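Here the structure comes first, spelled out in structure tokens, and everything after it is commentary.
What follows draws every value from the coordinates through simple rules; no lab data is involved. Computed from a prediction, not measured in an experiment: that's the story for all the values here. When we count neighbours, we look across all protein chains shown, and the Cβ atoms used for this are built from the backbone with ideal geometry, even at glycine.
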Amino acid sequence: MRYLRVSPQKARLVLELIKGRRVEEARNTLLYTKKRVAAHLGKLLQSALDNANFLSAEKNLDVDIDKLYVKSAIANDGPRMKRIRPAPQGRAYRYQRRIAHITLILAERGNGERPATGETRTSPAKRRVPVAKKKAAGLSQKKAAAK
């Protein structure tokens, strides 16, 4: 979707909600999100789903609609409209109206792939130890070596 009259920053807030989710779950999320841009993103998601359906029906490509998920959702800056607002004492303040270009990519989830839930888990061996504990452990080792 190009030249959407919404700030890219505001669009990214809603796009973060649907990244990595299944298409049905993303549609429901957009349906109940109270942001103005959510309606536009719902139309974009439906268009992407229709394109995938077209590929599976007309072009004879193997696309399982039930396994589709939102692989990537990006909101980039578009051209800015420069506007002027009247200010006191004959001055004029300039401001910019922002425009966004939104890219939505759907992909088919394979058998081994797990759905992304937003947070990544690390194994206990890879977890970081806080710096204060490292310093305390280092001090006790130095004292033991000195004795």
- prompt: So is residue 48 part of a helix (DSSP H, G or I) and within 14 Å of residue 108 (Cβ to Cβ) or not?
  reply: yes
Considering the stretch 56-67, residues that are in a helix (DSSP H, G or I) and surrounded by 13 or more Cβ atoms within 10 Å (Cβ to Cβ), and then whichever is nearest to the chain's Cα centre (by Cα), we arrive at 67
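Give the stretch 25-42 a look and list any residue that's in a helix (DSSP H, G or I) and in contact (Cβ under 8 Å) with a residue 24 or more places away in the chain, or say none. Can you show your working first?
Let us first name the residues in the stretch 25-42 that are in a helix (DSSP H, G or I), namely 25-31, 36-42.
Matches in the stretch 25-42: 26, 36, 37, 38, 40, 41.
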Output for Cβ contacts, cut-off 6 Å, separation at least six or different chains, first residue without any contact (Cβ under 8 Å) to a residue 24 or more places away in the chain and of a type in the set (Lys, Arg) in the stretch 49-62, second in a loop (DSSP other than H, G, I, E, B) and surrounded by 10 or more Cβ atoms within 10 Å (Cβ to Cβ), reads none
Within the stretch 32-65, residues closer than 15 Å to residue 10 by Cα and of a type in the set (Lys, Arg) come out as 34, 35, 36
